[in-house]
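Working notes for the structure below.
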Amino acid sequence: MPELRCVVPGAPVPAARPRVTRYGTHNPRRMTDYLQVVRDSLAVEMRRKGLSPAPTGVPVTFVVLAAVPWAKGTRKADASTTVPYAGHRDASNFLKLAEDAGNGVVYEDDAQITRAVVEKWRVPRGEERLEITASW
C-alpha cells in the first residue's frame, strides 16, 4: 500500500469561503498562494518517492496535522508548550485546503477519500507546519 508523508513548513492557512463580487467569484489571495505551496510540496514528495496518483476508484486515507503557532502576546511559559488547539480556526478548513491541494497530484479527485483525520495543535513559534499523510 503506497503511503505519502509531506511536511509543509510555516503557519498553515485554512481554506476560506470564496468571495462573490460583481466581477465574479474568487478565493482570497493568501489561501490560493498557500494552496499552490502545498500542491507543489505534495508533487515534489510524490516525485521523490516515485509514486503515481491513486487511480480513480481506489479509496484513500488522509491524515492532516495543522501545527499553529502561539499568538505573539502569549506568555513565554505557555508559548513554549505544545497543546491541542480548540481555537477559532475550524479543523475542517485545514482538511479542505489539504484535500484540494491533493487533487490531480495524490489522487484523481478528493471524492476518493474514504477516511480523513484532522488534528490541530498549538506549537512554539518556529515549529509551525502542515503535515499531510495519504495512503491508498
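Couple of notes before you dig in:
- Residues in segment 1-19 that are open to solvent by 70 Å² or more (accessible area, probe 1.4 Å), assigned to a loop (DSSP other than H, G, I, E, B) and more than 15 Å from ARG30 (Cα to Cα): MET1 alone.
- Of all residues in segment 28-56 being under 12 Å from PRO2 (Cβ atoms) and surrounded by fewer than 12 Cβ atoms within 10 Å (Cβ to Cβ), the one that is nearest to the chain's Cα centre (by Cα): SER52
- For segment 103-127, residues that are farther than 16 Å from PRO2 by Cβ, open to solvent by less than 40 Å² (accessible area, probe 1.4 Å) and in a loop (DSSP other than H, G, I, E, B) total 1.
- Close pairs (9 angstrom Cβ cut-off, 6 or more residues apart or separate chains): without any contact (Cβ under 8 Å) to a residue 24 or more places away in the chain in segment 105-131, small (Gly, Ala, Ser) and surrounded by 13 or more Cβ atoms within 10 Å (Cβ to Cβ) anywhere: ASP110/GLY102
- Of all positions in segment 86-102, at least one carries a residue that is modelled with pLDDT under 95, assigned to a loop (DSSP other than H, G, I, E, B), small (Gly, Ala, Ser) and open to solvent by 70 Å² or more (accessible area, probe 1.4 Å).
- The combined condition, being modelled with pLDDT of 95 or more, of a type in the set (Val, Ile, Thr) and in contact with a Leu (Cβ under 9 Å, 6 or more places away or on another chain), is not fulfilled by VAL44.
The values are calculated or read from the model by the stated rules, or taken from the named source; none is laboratory data. Worth saying up front: this structure is predicted, and the values here are computed from it rather than measured. With ideal geometry, Cβ positions are generated from the backbone for all residues, glycine too; neighbour counts draw on all protein chains shown. Ligands, DNA and RNA are stripped out before the accessible areas are found, and what is left, the full protein with its side chains, is counted by its heavy atoms. Shrake-Rupley method; radii C 1.70, N 1.55, O 1.52, S 1.80 Å.
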